[in-house]
Amino acid sequence: MSLEDGSLKNGSLEDDLFALEEKFWPGDAEFYRTHLDEHCVVSFTEMAGSMPKEQIAGMIKEGQRWRDLKLARKGFYQPTADVAIITYEVNATRDNGALHHANVSSVYVRRGDGWKMALHQQTPLPG
């Protein structure tokens, strides 16, 4: 059983989605193509809107990733069998050494080929 076919891998949807979320941070463009819904709503300080997954995947550049990633779970809610929401606090370091600290929320939808990210939002935190 795996997230790719819409079922559970670790026995808990919450655990599986948080594990998937952690893989987005260092993930390459192909990972994004595989795990984003056809359109994903994004909300960052520098951009917001509904974007096709190919446009988002096209923004992922080799070497422009994260390190020292730490996610602290804040919440999980599954309002329907096919929708799940996670929220967490992240601390990470950009490839240029800049620190990143934010509250993050993602919404996942279950599709025929697994759970797909349909919304990703980040609110920067001080420090």
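Every read-out reported here was derived from the displayed coordinates using simple, explicitly stated rules and does not represent laboratory data. Values in this document were obtained by computation on a predicted structure and should not be read as measured data. With ideal geometry, Cβ positions are generated from the backbone for all residues, glycine too; neighbour counts draw on all protein chains shown.
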Limited to region 69-89, what total is found for residues that are free of Cβ contacts under 8 Å to residues at least 40 places away in the same chain and in a strand (DSSP E or B)? 11
Given the condition within 19 Å of residue 14 (Cβ to Cβ), in contact with a strand residue (DSSP E or B) (Cβ under 9 Å, 6 or more places away or on another chain) and surrounded by fewer than 16 Cβ atoms within 10 Å (Cβ to Cβ), answer yes or no: does some residue in region 92-102 qualify? no
For residues that are on the phi > 0 side of the Ramachandran plot and not small (Gly, Ala, Ser), tally how many sit in region 19-49. 0
State all residues of region 110-127 that are of a type in the set (A, V, I, L, M, F, W, C), crowded, with 16+ Cβ neighbours inside 10 Å and either closer than 19 Å to residue 73 by Cβ or more than 12 Å from the chain's Cα centre (by Cα) (or both); if no residue qualifies, say none. 115, 117, 119
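Filter region 66-91 down to the residues that are in contact with a strand residue (DSSP E or B) (Cβ under 6 Å, 6 or more places away or on another chain) and among the aliphatic types (A, V, I, L, M), then identify the one that is farthest from residue 25 (Cα to Cα).
My answer is 83.
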A careful count of residues in region 29-65 that are more than 19 Å from residue 117 (Cα to Cα) and surrounded by 12 or more Cβ atoms within 10 Å (Cβ to Cβ) gives 0
Going by the structure shown, is residue 113 of a type in the set (Asp, Glu) and at positive phi? no
